[in-house]
Amino acid sequence: MLIDVHLPEKDGFHILDILAQQADACHVPIFMMSGHNGSEQRMEVFRSADAFMNKPINMEELVIRLKRVTAKRNRMLELILTDSLTGAFNHRYALGEIRRRLELQRDNQESFCVGGININGFQAINEQHGYPKGDQLLRQLYNYIQEQIKPYDVIVRSEADSFLILFSHAALQEAKRVLEKLIDGFPEMVREKVGKEIEATVSASLIEINHPDVSPKECIRKLDSTLHGGTENKTGQLHVIKWGEQVRKKIVRLAVIDDDPIICGMLEAQLSDIGGNDFETDLRTYGNGELFFADPWHNEHDQYLLILDGVMPRMDGLEVIKRLRSSADKRKYTIMMLTNRRGEQDVATAIQQGADDYLKKPFGMEELRARIKRLIRGNS
């Protein structure tokens, strides 16, 4: 990350305070830049950042320094956080990543899923076909898992014959489908990539964790005990368990901001049940943007969806969008304009300012509900 010290409204040190913990957890180098080269400012930079660049920037020097620091970072990660045989992350990294997810769970109360996949009879394969073939099988399993998961999911080599998958934002059923596909396709992959003479299968386990007070080691032990549980987890099958308290449904805070009380009343009645069995809806109505911002409710940690009129007294829709999109938490707000402004330029202006969708009055309730559900799914 390259952060300028001198920024409008909030300076670079404020940005650094927000990002430093996450950058440290993910081993992201931070450079700070400034046209002032005073000793006091440099000392403040080095308390949290990795490097300081004096402005005007010499681009050749900057590129060289960035290449060097990122190369050093990658070598460090390879040495301490990855398995040298497969390239998967190692046990040390898994503990840190699960700890991070448990901390997030304390804030948002959402469960997360961890899968385990184990090569059945791996020792016998090594003895029959040789250890080089066994190593090749492990590397191909790692590559095969990578092909099936999302970019932000994490693969960890946990033991000699098994891997963990730390799923990112995947519901239990979605993670279950991934593991079932891995189990079904593994034998054919082995024949194609490793050798027709090798017959190998995998078993898998999946746990949904909603137990933020446990330790990362307990989470791994729980999965390992299920994965290697003998008769409880039969060859070529998937064993699924839920661990922890009842999972709280995702909360979507739905705000209707419109100066027409009839519109507010109608939408409040029609949209209060839109979550169904998938998520809880916390719906409130406001006559203008100032009333919305005056309510502390607008700044909780959950996801927000705003249904926003374009023309209102005191603070209209575009002013609301501008204020939200300039805030530090702008990503948690999804905005649908619902307005009498029908011109093509009006639509274009709203989208450019940061609206996610635009629906003109009068509108159909079924279309409105469908659009809201699409927007919520897109932010899940």
Original post:
Where in the range 255-361 are the helices (runs of 4 or more DSSP H), entirely inside, with at least 1 residues that are in contact with a Phe, Trp or Tyr (Cβ under 6 Å, 6 or more places away or on another chain) and in contact (Cβ under 8 Å) with a residue 24 or more places away in the chain?
Top reply: 289-294, 317-325, 344-353
Original post:
With respect to Arg248, is the statement that it is open to solvent by less than 80 Å² (accessible area, probe 1.4 Å), modelled with pLDDT under 80 and not in a helix (DSSP H, G or I) true?
Top reply: yes
Subject >> Given (1) assigned to a helix (DSSP H, G or I); (2) farther than 21 Å from Ser84 by Cβ; (3) open to solvent by 30 Å² or more (accessible area, probe 1.4 Å), index of the condition Lys150 fails >> reply: (1)
Original post:
Of Asp24, Asp50, Asp11, which residue is open to solvent by 60 Å² or more (accessible area, probe 1.4 Å), among the acidic types (Asp, Glu) and farther than 30 Å from Leu95 by Cβ?
Top reply: Asp11
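Per-residue answers, yes or no, for (1) part of a helix (DSSP H, G or I); (2) at pLDDT 90 or above; (3) open to solvent by 20 Å² or more (accessible area, probe 1.4 Å):
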site: Leu137; (1), (2), (3): yes, yes, no
site: Ala170; (1), (2), (3): no, no, no
site: Arg177; (1), (2), (3): yes, yes, yes
site: Ser205; (1), (2), (3): no, yes, no
site: Ile220; (1), (2), (3): yes, no, no
Subject >> Members of the range 273-318 that are open to solvent by less than 40 Å² (accessible area, probe 1.4 Å) and small (Gly, Ala, Ser) >> reply: Gly275, Gly287, Gly289, Gly310, Gly317
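Okay, residues lined up against (1) in contact with a Ser or Thr (Cβ under 6 Å, 6 or more places away or on another chain); (2) surrounded by fewer than 16 Cβ atoms within 10 Å (Cβ to Cβ); (3) assigned to a helix (DSSP H, G or I); (4) of a type in the set (Phe, Trp, Tyr):
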residue	(1), (2), (3), (4)
Gln140	no, no, yes, no
Gln146	no, yes, yes, no
Glu180	no, yes, yes, no
Gly185	no, yes, yes, no
Lys242	no, no, no, no
Original post:
For the range 81-91, does any single residue satisfy the condition of being modelled with pLDDT under 90, of a type in the set (Val, Ile, Thr) and surrounded by fewer than 21 Cβ atoms within 10 Å (Cβ to Cβ)?
Top reply: yes
**OP:** State whether one or more residues within the range 319-330 are in contact with a Lys or Arg (Cβ under 9 Å, 6 or more places away or on another chain) and either at positive phi or open to solvent by 70 Å² or more (accessible area, probe 1.4 Å) (or both).
**Re:** yes
Original post:
Which one of these is closer than 27 Å to Gln21 by Cβ, out of contact with any helix residue (DSSP H, G or I) (no Cβ under 8 Å at 6 or more places or on another chain) and open to solvent by less than 10 Å² (accessible area, probe 1.4 Å): Gln109, Gln105?
Top reply: Gln105
Original post:
Quick one: would you say Glu40 is at positive phi and either among the polar types (S, T, N, Q) or loosely packed, with under 13 Cβ neighbours inside 10 Å (or both)?
Top reply: no
Subject >> Condition broken by Val214, with the remaining ones in (1) under 23 Å from Arg139 (Cβ atoms); (2) in contact (Cβ under 8 Å) with a residue 24 or more places away in the chain; (3) part of a loop (DSSP other than H, G, I, E, B); (4) not aromatic (Phe, Trp, Tyr) satisfied >> reply: (1)
Original post:
Which residue pairs have Cβ atoms closer than 6 Å, lie 6 or more positions apart in sequence or on different chains, and pair a first residue in the range 81-98 that is without any contact (Cβ under 8 Å) to a residue 60 or more places away in the chain with a second residue that is buried (at least 18 other Cβ atoms within 10 Å of the Cβ)?
Top reply: Leu81/Phe89; Leu81/Tyr93; Thr82/Phe89
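The values are calculated or read from the model by the stated rules, or taken from the named source; none is laboratory data. This structure is a prediction, so every number in the text was calculated from the model and none was measured. Don't worry about glycine lacking a Cβ; one is built from the backbone with ideal geometry, like all the others, and counts go over all protein chains shown. SASA here: full protein model, heavy atoms, side chains in, ligands and nucleic acids out. Shrake-Rupley method; radii C 1.70, N 1.55, O 1.52, S 1.80 Å.
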